[in-house]
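**Student:** One structure follows; several queries about it will come next.
The values are calculated or read from the model by the stated rules, or taken from the named source; none is laboratory data. These numbers were taken from a predicted model, which means no experiment stands behind them. All Cβ positions, glycine included, derive from the backbone under ideal geometry; neighbour counts span all protein chains shown.
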């Protein structure tokens, strides 16, 4: 290669970046020996910023536009300037392109349930998930605080840290908001704004901003959701007598489908419920209408046996049960249930201490008689 070709190569250089990966935040312009030639053209497109690093120190940030790298806007860093070193420049310079566009539809979610004190249900746990977007607002700070000397920095390398920040902020905001769980769905927009404000102050230290933040869903543990469904069913039933008959019919159907599961108690319950329902059908006529005129008067059938209440126990943030009253009595004798244990049964408004429930309080006051020979 002739000296003219060499000098021409030294004076002609084009520096630019076209990203087709859709997940790259920072890309370093690779140059042999990291030497930037005098008079090189630097093209910075919209949605980009170029950070110029000279001898390991951040020198300048270029916004979108076309720049001629000459002595009037940067140090002379070309090998042509250092004849005494035989065209081997001791100065090394690098250009990092930083994407300043939004990265959308990024996922976040609570890996573990979040404990909170609900005004209606008492201590409970919730899970949540949603999406957010992130954008580099300060390329220089982002390069110094996060990227370092990484030649190609992708969104995956920072998304895990951002998710941890979001979950921490979500836990803090939810715990201090005092919004009942049943009302959170109607306030997701306000909660999202509060959480975005909390997050912005933290990620700003990384040179990032969160332009959008969404809460898609807030859910309760399955046991609590089942209790809510039962309570909703009771509200829809309206007439407690009709709801009792409906529950009795369901219990009879379950006992018939599983004759061995409940033993003699299931068979007896099914027989009693069947007799009660037969008596009610006889009162209302053969087809559920008015009683027949020729039907002889019959005595009122006995009422169906009462449906035994079952109880749930809150223990270290978890729900256990359901337990029958007999099982609760055995647990009280063994110390598994105390006066201060929180219990709940369908139809009860929130969690209550076992001592405050009249039906369970007697379990802690009745003592067995002294053993024989004492």
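**Student:** Which of (1) in contact with a helix residue (DSSP H, G or I) (Cβ under 6 Å, 6 or more places away or on another chain); (2) touching a residue at least 60 places away in the same chain (Cβ under 8 Å) is the odd one out, the single condition residue 173 does not satisfy?
**Tutor:** It is condition (2) that residue 173 fails.
**Student:** Still on this structure, I have one more. Quick one: how many residues across the range 350-360 are surrounded by 14 or more Cβ atoms within 10 Å (Cβ to Cβ) and either more than 25 Å from residue 225 (Cβ to Cβ) or at pLDDT below 80 (or both)?
**Tutor:** Keep residues of the range 350-360 that are surrounded by 14 or more Cβ atoms within 10 Å (Cβ to Cβ), which gives 351-355, 357, 360.
Restricting the remaining residues to those that are either more than 25 Å from residue 225 (Cβ to Cβ) or at pLDDT below 80 (or both) gives 355.
Residues flagged as surrounded by 14 or more Cβ atoms within 10 Å (Cβ to Cβ) and either more than 25 Å from residue 225 (Cβ to Cβ) or at pLDDT below 80 (or both) within the range 350-360 amount to 1.
**Student:** Can you find a residue that is at negative phi, assigned to a helix (DSSP H, G or I), at pLDDT 75 or above and in contact with a strand residue (DSSP E or B) (Cβ under 7 Å, 6 or more places away or on another chain) anywhere in the range 337-349?
**Tutor:** To start, the set of residues in the range 337-349 that are at negative phi comprises 337-346, 348-349.
Now narrow it down to the ones that are assigned to a helix (DSSP H, G or I): none.
So far as the range 337-349 goes, no, none of its residues is at negative phi, assigned to a helix (DSSP H, G or I), at pLDDT 75 or above and in contact with a strand residue (DSSP E or B) (Cβ under 7 Å, 6 or more places away or on another chain).
**Student:** Tell me, please, whether a residue that is closer than 13 Å to residue 108 by Cβ and touching a helix residue (DSSP H, G or I) at 6+ places or on another chain (Cβ under 6 Å) can be found in the range 180-194.
**Tutor:** no
**Student:** I need the full set of residues from the range 184-225 which are assigned to a helix (DSSP H, G or I), closer than 16 Å to residue 133 by Cα and either under 16 Å from the mean Cα position of the chain (by Cα) or without any contact (Cβ under 8 Å) to a residue 60 or more places away in the chain (or both), in order please. Break it down stepwise before answering.
**Tutor:** Applying the first criterion (assigned to a helix (DSSP H, G or I)) to the range 184-225 yields 185-206, 222-225.
Next, only the ones that are closer than 16 Å to residue 133 by Cα stay: 189, 192-204, 206.
Answer for the range 184-225, where residues must be assigned to a helix (DSSP H, G or I), closer than 16 Å to residue 133 by Cα and either under 16 Å from the mean Cα position of the chain (by Cα) or without any contact (Cβ under 8 Å) to a residue 60 or more places away in the chain (or both): 189, 192, 193, 194, 195, 196, 197, 198, 199, 200, 201, 202.
**Student:** Within the bounds of the range 134-147, is there any residue that is at pLDDT 90 or above, over 30 Å from residue 315 (Cα atoms), more than 25 Å from the chain's Cα centre (by Cα) and part of a loop (DSSP other than H, G, I, E, B)?
**Tutor:** yes
**Student:** Quick one: in the range 299-336, which of the residues that are under 27 Å from the mean Cα position of the chain (by Cα) and at pLDDT below 85 is surrounded by the fewest Cβ atoms within 10 Å (Cβ to Cβ)?
**Tutor:** By that ranking, first place goes to 316.
**Student:** Can you tell me which residue among 202, 215 is more than 23 Å from residue 125 (Cβ to Cβ) and surrounded by 15 or more Cβ atoms within 10 Å (Cβ to Cβ)? So that I can check it myself, show each step before the final result.
**Tutor:** Numbers: 215 fails: more than 23 Å from residue 125 (Cβ to Cβ).
Among 202, 215, only 202 is more than 23 Å from residue 125 (Cβ to Cβ) and surrounded by 15 or more Cβ atoms within 10 Å (Cβ to Cβ).
**Student:** Follow-up. State yes or no: is residue 86 at pLDDT below 90 and assigned by TED's automatic domain parsing to the domain that holds residue 214?
**Tutor:** Numbers: at pLDDT below 90: yes; assigned by TED's automatic domain parsing to the domain that holds residue 214: no.
Here the answer is no, as residue 86 does not meet what is asked.
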